[in-house]
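A.B. asks: Sharing a structure here in structure tokens format.
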Amino acid sequence: VPSPKRWGLQAGVELMSADLRWLDAAAVRAYLAQDVQFHERASWNPSARTAAGLKLGPKDGGRALRFQLGYYAGRSPFGQFHRKSDHRGDVSLAFEL
């Protein structure tokens, strides 16, 4: 049965480079992001996700496409398994609308 403990803390940061000037028609930027969460139901043990990738979009901002590699280490976010330690990597393609 999942724990009724619901309190949590979260913090994150994202670093974005200036335009790498790889393309004339669009801006290409490298980025690195870190997110850390602490949950009462997991005895306040930290869970962290790191992502790094490239963002491709118009030079004036707006919509963009992100290609990223990510890594998660921490407690499983799924119900009764939240006490189990979890490690996984991923490859993502995201659209910013």
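A.B. asks: Can you run down the residue pairs with Cβ atoms below 6 Å, 6 or more apart or on separate chains, where the first is in region 10-38 and open to solvent by 60 Å² or more (accessible area, probe 1.4 Å) and the partner is outside any strand (DSSP E or B)?
C.D. replies: As it stands, the answer is Arg29/Ser17; Phe38/Trp44, since those pairs meet every condition given.
A.B. asks: Another one. Return the residue satisfying two criteria in turn: it lies in region 39-48 and is buried (at least 16 other Cβ atoms within 10 Å of the Cβ) and part of a strand (DSSP E or B), and of such residues it is modelled with the lowest pLDDT.
C.D. replies: Once the filter is applied, the top-ranked residue is His39.
A.B. asks: I want to confirm something. Restricting to region 49-63 and keeping residues that are basic (Lys, Arg) and in a loop (DSSP other than H, G, I, E, B), which single residue is most open to solvent (accessible area, probe 1.4 Å)?
C.D. replies: Arg63
The values are calculated or read from the model by the stated rules, or taken from the named source; none is laboratory data. Please read all numbers here as calculations on a predicted model, not as lab measurements. In this analysis, Cβ positions are derived from the backbone assuming ideal geometry, glycine residues included, and neighbour counts consider all displayed protein chains. Accessible surface is based on the protein model in full, side chains and every heavy atom, while ligands, DNA and RNA are left aside. Shrake-Rupley method; radii C 1.70, N 1.55, O 1.52, S 1.80 Å.
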